[in-house]
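Since the structure comes first, as structure tokens, the remarks are kept for the end.
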Amino acid sequence: MTMETSETTTTHYATCPLCEATCGLSIETRGREVVSVRGDEADVFSHGYLCPKANGLRELDADPDRLRQPMIREGDAWREVSWPEAFAAVEAGLMGVIERNGRNAVAVYLGNPNVHNLSMTTYLPGFLKSLKSQNVYSASTVDQQPKQIAIAMMFGDRLSLPVPDIDRTDYLLVLGANPLVSNGSLMTAPDMRGRLKKLRERGGKLVVIDPLRTLTAEKADEHYFIRPGGDAYLLFAMAHVLIAENLCAPGRLAAHAAGMETLVDLTRPFTPEAVAPVCGIAPEIIRRLAHELAAAPTAAVYGRIGTCTQEFGTLSSWLVDVLNYLTGNLDREGGVLFTRPAAGAPNTQGEPGRGRGFMQGRWHSRVRGLPETFGELPTVCLSEEMATPGEGQVRALITMAGNPVISTPDSSKLERAMENLDFMVSVDIYMNETTRHANVILPGLSPLEHAHYDLTFYQMSVRNIAHYSPPVFERTDGGQDDWEIMLTLTGIVAGAGTATPTDVLDDMTLDGTIARAIKTVGSPVYGRDPATVRVALGDQRGPDRLLDLALRTGPYGDGFGVVPDGLTLERVAAQPHGMDLGPLASRIPEVLRTPSGKIELAPPLIVGDVERLRAGLWRRSDPDTLLLIGRRGLRSNNSWMHNLPSLVKGKDVCTLLINPVDAERCGLSDGALATVASDAGEVCLPAEITAAIAPGVVSIPHGWGHNRRGARLGVAAEHAGVNANILNSTALFDHISGNAVLNGAPVRVEKASVPVAHA
Ligand SMILES: Nc1nc2c(c(=O)[nH]1)N[C@H]1C(S)=C(S)[C@@H](COP(=O)(O)OP(=O)(O)OC[C@H]3O[C@@H](n4cnc5c(=O)[nH]c(N)nc54)[C@H](O)[C@@H]3O)O[C@H]1N2
Ligand SMILES: Nc1nc2c(c(=O)[nH]1)N[C@H]1C(S)=C(S)[C@@H](COP(=O)(O)OP(=O)(O)OC[C@H]3O[C@@H](n4cnc5c(=O)[nH]c(N)nc54)[C@H](O)[C@@H]3O)O[C@H]1N2
Ligand code: SF4
Ligand SMILES: [Mo]
């Protein structure tokens, strides 16, 4: 929606696509230029809030380093080429590998921005289906996969995520998350600062568990250091206290739950006294936290990156919702609730209250034998699948909106493996640490040149919201949107070459989607003639048409005539400041999709992994070993926005946080260069001595290390920092999910003997 404000400037309203908070922006433009980016005061969800990255959007759009044309590499030299030439090279490269080595020889790595991009959320599934490779990897297994597996086992679907009812809760226990900096994750809520402030103003309590006294911890009523990887012990002990002291009150949910007896057995060994030495939190504090959680009128337990990317990621993620259940806070106002999104939620489709539930291990990784989950293999396996010779070895790699060289463990090993591939293609808007290894780069449009609707993050939003943003700018001449690139790639890997027009491929995608909808029990188009649905969608194209279909068959949709005033894309788009579909409400039992129709409190995979946790009860930390954790900066967005001047100006933020006690032992003074080494590698960066970090723990921020030759990131190279994932190892992973351990790896720290350039 645009509005002329003067002869020369135009105001556009758009949802920010950069992080999970989905803030509404008011973007003022003149010609093809962004004049300003402000928070949209009238936005139904964010009410004017925005963070510094929103202004980065202006610089991102204008960044001369952002790719606008496909690129082909010959040796070290890059050449800008036409789209047909680029696609011909991709066809030759990929089909050559497929013909010689089979489909599994082509691996795909999907990065985080895919889930923030409407083109990708709507067209990736079709591409993967055509590719038919078992070697699919993504940023999920260096992020939230443990949580998704835990909820899929408990509630039946990987998107059935209980979201803290942050605006109504009386008590919020946060573990391993820093929402004041990250703006919230797996909890879509613009203006976390305002929401947490209101929580405290209404007499609520905020408690933070983190090895670092973060900005969120500073604003909390209480903060406790925890030993990295210790969350499952702490949470188990809290469950133990609730059970031992008869403080469980699941209320009406008890009738909808299975596995309570097993759960009780599992908690037995985890007394507060037993876990205290491993998690570093005193027994009396553990007891008090359990008592407070039980006594609060309403409460929510929330865990994020720190509880996922660690040794016991799935157990911790499961225990978060076990505590919500035991205290009666699951599926209740002020506790944690399931969303009812307007589009794309599996738990609003099919038979209510029952489903196929969780499945794992339809195939396994070739080298290490780790199981597939949700169609993917764990990213910790990617480099070994490329580097280990033999039948089924990966010979080609496709990266899509991902920078695994920075974001996945043992970067050096991954880079060596990339250098030996037969072919690599990247769908990406930058030539960065990863895509510089590609033979071909296919850049989509500027985020301001395509439409947006947050299909992914409205699945986990603290209110039910629908907000569509049309493109702010017409696309640059000759540009292709990610969905068009995806369709051509789909044609290529399907073996049909590049001759099929995009419109035909698009119609095929639509027909497949309609065919599924009319077979889905409970869908408003169930059993209808597909042609009538297709005609009703008119002459739209691309993601808009698929989104319209999803909205109209969704829980608020018009059902193609069934509910006359129901949602259509046209009705949603007519609201430039978004539509608020109301607060979250109780959904158990209809939300469940487990085969039993129950909440599974003690899923077999969980039970199987508890022994590993129990064995760790006797582990004691070696005072000479420091554990490495990560952190995020307000002006960073993972690895890829360091090329934007306003986001990197000021003092160096890529420092090693170290406690004064440890600094003294390592002979480090503030600002001195420290060498940090692990079995995987070594980096060198300035030390920042602070009591805000727990003794025995050091922190390096995630997303840096922009000093690689051959990248085209002029600004980022001057603020290179170091890549923490040179230190993390692919050998450490959460056993249930295969998720990487990015918090808690042992490292050695010493004063750098000679001043060296950043590794
Ligand atoms: N040590 C450590 N490692 C971590 C983490 C950590 O905390 N510590 N965090 C992990 C987490 S949570 C995540 S999500 C991952 C992120 O891991 P990745 O997704 O692999 O990395 P990003 O830095 O998000 O890189 C995104 C890429 O997408 C490109 N891109 C951006 N927008 C678009 C677009 O619209 N279209 C296309 N085609 N390309 C686009 C960018 O140029 C960039 O190359 O990193 C993980 N790695
Ligand atoms: N500004 C900014 N915002 C972002 C991003 C960004 O890069 N920059 N990235 C986005 C992405 S992709 C994601 S996934 C989200 C992540 O969102 P968050 O999870 O909120 O982000 P982090 O700041 O990584 O917070 C993780 C916290 O876990 C702590 N921690 C580490 N190990 C442990 C542990 O073992 N136990 C406990 N209890 N805590 C531990 C760390 O000290 C850190 O404070 O942020 C998103 N938002
Ligand atoms: S908080 Fe996230 S969605 Fe909001 S303006 Fe910042 S980057 Fe954009
Ligand atoms: Mo993430």
Please pick out the residue among Ala299, Ala294, Ala342, Ala254 that is closer than 25 Å to Ala585 by Cβ and touching a Gly at 6+ places or on another chain (Cβ under 6 Å). Ala342
Quick check on the stretch 325-334. Is at least one of its residues open to solvent by less than 10 Å² (accessible area, probe 1.4 Å), away from ligand 2 (no atom under 16 Å from the Cβ) and either modelled with pLDDT under 95 or of a type in the set (D, E, K, R) (or both)? yes
First in the stretch 736-759 and at pLDDT below 80, second anywhere and in a loop (DSSP other than H, G, I, E, B) and buried (at least 24 other Cβ atoms within 10 Å of the Cβ), Cβ under 6 Å, 6 or more apart: His758/Val722; Ala759/Val722
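Out of curiosity, is Ser82 more than 16 Å from ligand 1 (Cβ to nearest atom) and within 23 Å of Gly497 (Cβ to Cβ)?
Details: more than 16 Å from ligand 1 (Cβ to nearest atom): yes; within 23 Å of Gly497 (Cβ to Cβ): yes.
Yes.
Consider the stretch 71-81. How many of its residues are touching a strand residue (DSSP E or B) at 6+ places or on another chain (Cβ under 7 Å) and either open to solvent by 10 Å² or more (accessible area, probe 1.4 Å) or farther than 13 Å from Met424 by Cα (or both)? Don't jump to the end; show me each part of the working.
First, pick out the residues of the stretch 71-81 that are touching a strand residue (DSSP E or B) at 6+ places or on another chain (Cβ under 7 Å): 71-72, 78-81.
Those left that are additionally either open to solvent by 10 Å² or more (accessible area, probe 1.4 Å) or farther than 13 Å from Met424 by Cα (or both): 72, 78-81.
Total satisfying the criteria: 5.
Only one of Ile485, Ile465 is away from ligand 2 (no atom under 16 Å from the Cβ), crowded, with 24+ Cβ neighbours inside 10 Å and outside any helix (DSSP H, G or I). Can you tell me which? I'd like the intermediate steps shown before the answer.
Details: Ile485 fails: outside any helix (DSSP H, G or I).
It is Ile465.
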Counting only helices (runs of 4 or more DSSP H) entirely within the stretch 530-581, those with at least 2 residues that are under 22 Å from Thr520 (Cα atoms) and open to solvent by 20 Å² or more (accessible area, probe 1.4 Å) are 530-536, 542-552
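Condition check ((1) among the β-branched types (Val, Ile, Thr); (2) in contact (Cβ under 8 Å) with a residue 24 or more places away in the chain) across all residues:
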| position | (1), (2) |
| --- | --- |
| Thr15 | yes, yes |
| Thr22 | yes, yes |
| Arg30 | no, no |
| Glu33 | no, yes |
| Arg38 | no, no |
| His47 | no, yes |
| Ala54 | no, yes |
| Gly102 | no, yes |
Which one of the conditions (1) away from ligand 2 (no atom under 16 Å from the Cβ); (2) of a type outside the set (D, E, K, R); (3) open to solvent by less than 10 Å² (accessible area, probe 1.4 Å) does Gly194 fail to meet, given that it meets all the rest? (3)
All positions within the stretch 385-407 that are open to solvent by less than 30 Å² (accessible area, probe 1.4 Å) and assigned to a helix (DSSP H, G or I): Glu385, Met386, Pro404, Val405, Ile406, Ser407
Would you say Gly710 is under 13 Å from Cys654 (Cβ atoms), part of a loop (DSSP other than H, G, I, E, B) and either open to solvent by less than 20 Å² (accessible area, probe 1.4 Å) or in contact with a Lys or Arg (Cβ under 6 Å, 6 or more places away or on another chain) (or both)? no
Matching residues, the stretch 290-320, being more than 16 Å from ligand 4 (Cβ to nearest atom), open to solvent by less than 10 Å² (accessible area, probe 1.4 Å) and either modelled with pLDDT under 95 or out of contact with any helix residue (DSSP H, G or I) (no Cβ under 6 Å at 6 or more places or on another chain) (or both): Leu293, Ala300, Val320
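Select from the stretch 342-362 the residues that are touching a Leu at 6+ places or on another chain (Cβ under 8 Å) and assigned to a loop (DSSP other than H, G, I, E, B) and list them in ascending order. Before the answer, list the steps.
To start, the set of residues in the stretch 342-362 that are touching a Leu at 6+ places or on another chain (Cβ under 8 Å) comprises 342-347, 353-355, 360.
Matches in the stretch 342-362: Ala342, Ala343, Gly344, Ala345, Gly353, Arg354, Gly355.
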Just checking, how many residues over the stretch 197-220 are in contact with a Phe, Trp or Tyr (Cβ under 9 Å, 6 or more places away or on another chain) and open to solvent by 60 Å² or more (accessible area, probe 1.4 Å)? 1
Residues (under 21 Å from Glu372 (Cα atoms), open to solvent by 20 Å² or more (accessible area, probe 1.4 Å), in contact (Cβ under 8 Å) with a residue 60 or more places away in the chain and not hydrophobic (A, V, I, L, M, F, W, C)) located in the stretch 106-131: Asn112, Thr121, Gly126, Ser130
What pairs come out if I take residues in the stretch 363-384 that are part of a loop (DSSP other than H, G, I, E, B) and pair them with residues that are buried (at least 17 other Cβ atoms within 10 Å of the Cβ) and among the basic types (Lys, Arg) whose C-beta lies under 9 Å away, six or more apart or interchain? Phe374/Arg158; Pro378/Arg368
Could you list, in sequence order, all residues of the stretch 611-650 that are touching a helix residue (DSSP H, G or I) at 6+ places or on another chain (Cβ under 9 Å), in a loop (DSSP other than H, G, I, E, B), more than 13 Å from ligand 1 (Cβ to nearest atom) and of a type in the set (Ser, Thr, Tyr)? Ser621
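Would you check if there is a residue in the stretch 520-537 being within 17 Å of Thr121 (Cβ to Cβ) and of a type outside the set (Lys, Arg)? Don't jump to the end; show me each part of the working.
Initially, the stretch 520-537 is screened for residues within 17 Å of Thr121 (Cβ to Cβ), giving none.
Checked against the condition, which is being within 17 Å of Thr121 (Cβ to Cβ) and of a type outside the set (Lys, Arg), the stretch 520-537 yields no hits at all.
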Just name the residue that is farthest from ligand 1 (Cβ to nearest atom) out of those in the stretch 133-169 that are surrounded by fewer than 24 Cβ atoms within 10 Å (Cβ to Cβ) and in a strand (DSSP E or B). Val163
Can you spot a residue in the stretch 408-415 that is surrounded by 24 or more Cβ atoms within 10 Å (Cβ to Cβ), part of a loop (DSSP other than H, G, I, E, B) and either at pLDDT below 95 or among the polar types (S, T, N, Q) (or both)? yes
Selected residue [at pLDDT 95 or above, in a loop (DSSP other than H, G, I, E, B), open to solvent by 50 Å² or more (accessible area, probe 1.4 Å) and within 23 Å of Ala401 (Cα to Cα)] from Arg58, Arg68: Arg68
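Does Pro84 count as part of a loop (DSSP other than H, G, I, E, B) and either of a type in the set (Phe, Trp, Tyr) or surrounded by fewer than 14 Cβ atoms within 10 Å (Cβ to Cβ) (or both)? Talk me through it step by step, then tell me what you get.
Working: part of a loop (DSSP other than H, G, I, E, B): no; either of a type in the set (Phe, Trp, Tyr) or surrounded by fewer than 14 Cβ atoms within 10 Å (Cβ to Cβ) (or both): yes.
For Pro84, the condition - part of a loop (DSSP other than H, G, I, E, B) and either of a type in the set (Phe, Trp, Tyr) or surrounded by fewer than 14 Cβ atoms within 10 Å (Cβ to Cβ) (or both) - is not met.
The values are calculated or read from the model by the stated rules, or taken from the named source; none is laboratory data. Computed from a predicted structure; not experimentally measured. Backbone-built Cβ (ideal geometry, glycine too); neighbour counts: all protein chains shown. In case anyone asks, the SASA skips ligands and DNA or RNA and just uses the protein heavy atoms, side chains included. Shrake-Rupley method; radii C 1.70, N 1.55, O 1.52, S 1.80 Å.
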